[in-house]
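The values are calculated or read from the model by the stated rules, or taken from the named source; none is laboratory data. Since the structure is predicted, the reported quantities are computational estimates derived from the model, not experimental observations. Cβ coordinates were reconstructed from backbone atoms using ideal geometry, including for glycine residues, and neighbour counts include every protein chain displayed. These area figures cover heavy atoms from the full protein model, side chains too; ligands, DNA and RNA do not enter into them. Shrake-Rupley method; radii C 1.70, N 1.55, O 1.52, S 1.80 Å.
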Amino acid sequence: MKSTCCLLITILLLQRSVGNTECSLDSIVDERINEALQDLEFNPSPRLKMSCTSVTSSGRLASCPVGNVVTGCACGYACGSWDIRGETTCHCQCSVVDWAAARCCRLTQQG
């Protein structure tokens, strides 16, 4: 319990210091992913950049924008059962779910 409280406090302090939490945390994750891609031993196209966004909607489904694929899902009411439909939609499988979220990513050419 003590370690959980410390972790939550650390996350809250990080969020507060960063500013706009959702956008800032998303951009930090995107930056780390792009750094990891650049550090790969086999990088066939250094001009490719991965960009990601989160989509949240009410109900059991969350769909990514055109050109993006799902890389992860989350569901409300602590539902941990979900699947990905057609590479672009998160489907929460629990009987009672108030929201669904999808992490959507795409590869784009760098200028």
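Summary table
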{"read-out": "List D98, D30, ordered by accessible area with a 1.4 Å probe, largest first", "value": "D98, D30"}
{"read-out": "Using a Förster distance of 41 Å, the FRET efficiency for R47-I84 (Cβ separation, nearest 0.05)", "value": "0.90"}
{"read-out": "Listed residues L107, L61, L48 arranged by accessible area, highest first, probe 1.4 Å", "value": "L107, L61, L48"}
